[in-house]
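Some notes on the structure that comes next.
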Amino acid sequence: MPGRPGPPDRESPRLPHLTSTEIAGRIEDLYGAPLADLEAHAQDQPPGMLSALLGMHDDLALAERSIDFHRDHLARLIHPERQIGRHEVPHLLDGARRLAEAVAVRDVQVKSVLAVLQSLASVPVPVPAPAPALPTVSPPVPAPSLPAQSTAPSR
(Lines give C-alpha, C1' and ligand atoms only; values in the text may rest on other atoms or scores of the structure.)
Protein backbone atom coordinates (compact mmCIF):
# COMPACT_ATOMS: atom_id res chain seq x y z
CA MET A 1 0.00 0.00 0.00
CA PRO A 2 1.46 3.43 -0.88
CA GLY A 3 2.86 5.39 2.01
CA ARG A 4 3.31 2.37 4.22
CA PRO A 5 6.72 0.90 4.82
CA GLY A 6 7.10 -2.60 3.59
CA PRO A 7 9.78 -5.07 2.74
CA PRO A 8 12.21 -3.81 0.14
CA ASP A 9 12.01 -5.30 -3.29
CA ARG A 10 15.09 -6.82 -4.91
CA GLU A 11 15.58 -4.07 -7.47
CA SER A 12 15.55 -1.12 -5.06
CA PRO A 13 16.85 -1.94 -1.60
CA ARG A 14 15.83 0.59 0.98
CA LEU A 15 18.65 2.77 2.19
CA PRO A 16 18.81 4.41 5.55
CA HIS A 17 16.89 7.62 5.09
CA LEU A 18 19.49 10.10 6.16
CA THR A 19 18.94 13.73 5.40
CA SER A 20 21.56 16.16 4.24
CA THR A 21 21.44 17.63 7.75
CA GLU A 22 22.37 14.27 9.29
CA ILE A 23 25.13 13.78 6.73
CA ALA A 24 26.42 17.28 7.53
CA GLY A 25 26.56 16.28 11.19
CA ARG A 26 28.58 13.17 10.37
CA ILE A 27 31.03 15.23 8.28
CA GLU A 28 31.36 17.72 11.14
CA ASP A 29 32.00 14.89 13.60
CA LEU A 30 34.60 13.35 11.32
CA TYR A 31 36.53 16.59 10.80
CA GLY A 32 35.76 18.16 14.19
CA ALA A 33 34.51 21.51 12.86
CA PRO A 34 31.27 23.13 11.74
CA LEU A 35 30.30 22.63 8.10
CA ALA A 36 30.64 26.36 7.29
CA ASP A 37 34.23 26.33 8.59
CA LEU A 38 35.00 23.18 6.63
CA GLU A 39 33.60 24.72 3.44
CA ALA A 40 35.76 27.82 3.92
CA HIS A 41 38.81 25.67 4.62
CA ALA A 42 38.19 23.46 1.57
CA GLN A 43 38.12 26.50 -0.74
CA ASP A 44 41.73 27.30 0.18
CA GLN A 45 42.96 23.74 -0.33
CA PRO A 46 43.61 21.60 -3.38
CA PRO A 47 40.77 19.17 -4.13
CA GLY A 48 40.72 16.23 -1.73
CA MET A 49 38.45 14.06 0.35
CA LEU A 50 36.94 16.99 2.26
CA SER A 51 35.95 18.82 -0.91
CA ALA A 52 34.53 15.58 -2.34
CA LEU A 53 32.41 15.02 0.78
CA LEU A 54 31.19 18.60 0.74
CA GLY A 55 30.26 18.27 -2.94
CA MET A 56 28.37 15.06 -2.25
CA HIS A 57 26.57 16.81 0.60
CA ASP A 58 25.57 19.69 -1.70
CA ASP A 59 24.28 17.24 -4.32
CA LEU A 60 22.26 15.44 -1.64
CA ALA A 61 20.76 18.71 -0.40
CA LEU A 62 19.84 19.67 -3.99
CA ALA A 63 18.17 16.29 -4.53
CA GLU A 64 16.16 16.76 -1.31
CA ARG A 65 14.99 20.21 -2.44
CA SER A 66 14.04 18.73 -5.81
CA ILE A 67 12.03 15.97 -4.10
CA ASP A 68 10.16 18.57 -2.03
CA PHE A 69 9.46 20.74 -5.09
CA HIS A 70 8.16 17.89 -7.28
CA ARG A 71 6.13 16.35 -4.45
CA ASP A 72 4.46 19.72 -3.78
CA HIS A 73 3.87 20.26 -7.50
CA LEU A 74 2.17 16.85 -7.81
CA ALA A 75 0.09 17.57 -4.71
CA ARG A 76 -1.17 20.78 -6.32
CA LEU A 77 -1.98 18.93 -9.55
CA ILE A 78 -4.03 16.25 -7.80
CA HIS A 79 -5.75 18.53 -5.30
CA PRO A 80 -9.23 17.12 -4.54
CA GLU A 81 -10.99 20.29 -5.72
CA ARG A 82 -9.16 20.23 -9.03
CA GLN A 83 -10.39 18.28 -12.00
CA ILE A 84 -7.85 16.24 -13.91
CA GLY A 85 -8.43 16.42 -17.62
CA ARG A 86 -6.55 15.41 -20.71
CA HIS A 87 -4.35 18.48 -20.46
CA GLU A 88 -3.16 17.67 -16.91
CA VAL A 89 -2.25 14.02 -17.52
CA PRO A 90 1.10 14.75 -19.25
CA HIS A 91 1.96 17.16 -16.43
CA LEU A 92 1.17 14.49 -13.84
CA LEU A 93 3.31 11.93 -15.62
CA ASP A 94 6.19 14.39 -16.04
CA GLY A 95 5.98 15.38 -12.38
CA ALA A 96 5.96 11.75 -11.28
CA ARG A 97 8.99 11.01 -13.49
CA ARG A 98 10.89 14.00 -12.14
CA LEU A 99 10.05 13.02 -8.57
CA ALA A 100 11.29 9.48 -9.20
CA GLU A 101 14.53 10.83 -10.69
CA ALA A 102 15.10 13.10 -7.69
CA VAL A 103 14.53 10.18 -5.30
CA ALA A 104 16.99 8.05 -7.29
CA VAL A 105 19.62 10.80 -7.18
CA ARG A 106 19.09 11.19 -3.44
CA ASP A 107 19.45 7.45 -2.85
CA VAL A 108 22.67 7.28 -4.87
CA GLN A 109 24.11 10.26 -3.03
CA VAL A 110 23.22 8.80 0.37
CA LYS A 111 24.75 5.45 -0.54
CA SER A 112 27.95 7.02 -1.83
CA VAL A 113 28.49 9.48 0.99
CA LEU A 114 27.77 6.82 3.62
CA ALA A 115 30.30 4.47 2.06
CA VAL A 116 32.94 7.19 2.08
CA LEU A 117 32.17 8.28 5.64
CA GLN A 118 32.23 4.71 6.91
CA SER A 119 35.57 4.06 5.24
CA LEU A 120 37.07 7.20 6.75
CA ALA A 121 35.69 6.60 10.23
CA SER A 122 36.56 2.94 10.45
CA VAL A 123 39.12 1.79 12.91
CA PRO A 124 42.34 0.82 11.19
CA VAL A 125 42.76 -2.90 10.96
CA PRO A 126 45.78 -3.92 13.01
CA VAL A 127 48.58 -5.37 11.01
CA PRO A 128 49.01 -8.98 12.07
CA ALA A 129 52.22 -9.70 13.92
CA PRO A 130 54.72 -11.65 11.88
CA ALA A 131 54.45 -15.37 12.37
CA PRO A 132 56.99 -16.73 14.81
CA ALA A 133 60.07 -17.92 13.05
CA LEU A 134 60.40 -21.64 12.74
CA PRO A 135 63.46 -23.00 14.48
CA THR A 136 66.26 -23.25 12.04
CA VAL A 137 67.39 -26.73 11.36
CA SER A 138 71.06 -27.13 10.71
CA PRO A 139 71.99 -29.47 7.90
CA PRO A 140 72.56 -33.02 9.07
CA VAL A 141 76.07 -33.84 10.13
CA PRO A 142 77.56 -36.41 7.78
CA ALA A 143 77.92 -39.83 9.35
CA PRO A 144 81.49 -40.76 10.29
CA SER A 145 83.15 -42.67 7.56
CA LEU A 146 83.71 -46.33 8.29
CA PRO A 147 87.03 -47.98 7.40
CA ALA A 148 86.83 -49.65 4.10
CA GLN A 149 86.32 -53.35 4.39
CA SER A 150 88.36 -55.57 2.21
CA THR A 151 87.05 -58.70 0.70
CA ALA A 152 90.49 -60.30 0.96
CA PRO A 153 90.91 -62.85 3.72
CA SER A 154 92.60 -61.46 6.69
CA ARG A 155 95.71 -63.16 8.02
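Yes/no per residue for (1) exposed (fewer than 14 other Cβ atoms within 10 Å of the Cβ); (2) of a type in the set (A, V, I, L, M):
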| residue | (1), (2) |
| --- | --- |
| Ser20 | no, no |
| Ile23 | no, yes |
| Gly32 | yes, no |
| Asp37 | yes, no |
| Gln45 | yes, no |
| Asp68 | yes, no |
| Ala75 | yes, yes |
| Arg86 | yes, no |
| Leu92 | no, yes |
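I'd like the residue in segment 94-118 that is among the acidic types (Asp, Glu) and surrounded by fewer than 16 Cβ atoms within 10 Å (Cβ to Cβ) and, out of all such residues, is farthest from Gly48 (Cα to Cα).
Checked segment 94-118; the qualifying residue farthest from Gly48 (Cα to Cα) is Asp94.
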Exercise. What are the pairs, 6+ residues apart or on separate chains, where a residue within segment 75-88 that is under 17 Å from Leu99 (Cα atoms) has its Cβ under 8 Å from a residue that is among the hydrophobic types (A, V, I, L, M, F, W, C) and part of a loop (DSSP other than H, G, I, E, B)?
Worked result: Leu77/Ile84; Ile78/Ile84
Problem set entry | Odd one out for Leu15, checked against (1) modelled with pLDDT of 90 or more; (2) under 23 Å from the mean Cα position of the chain (by Cα); (3) surrounded by 13 or more Cβ atoms within 10 Å (Cβ to Cβ) | (1)
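The values are calculated or read from the model by the stated rules, or taken from the named source; none is laboratory data. Computed from a prediction, not measured in an experiment: that's the story for all the values here. Every residue, glycine among them, receives a Cβ derived from its backbone with ideal geometry; neighbour counts consider all protein chains shown.
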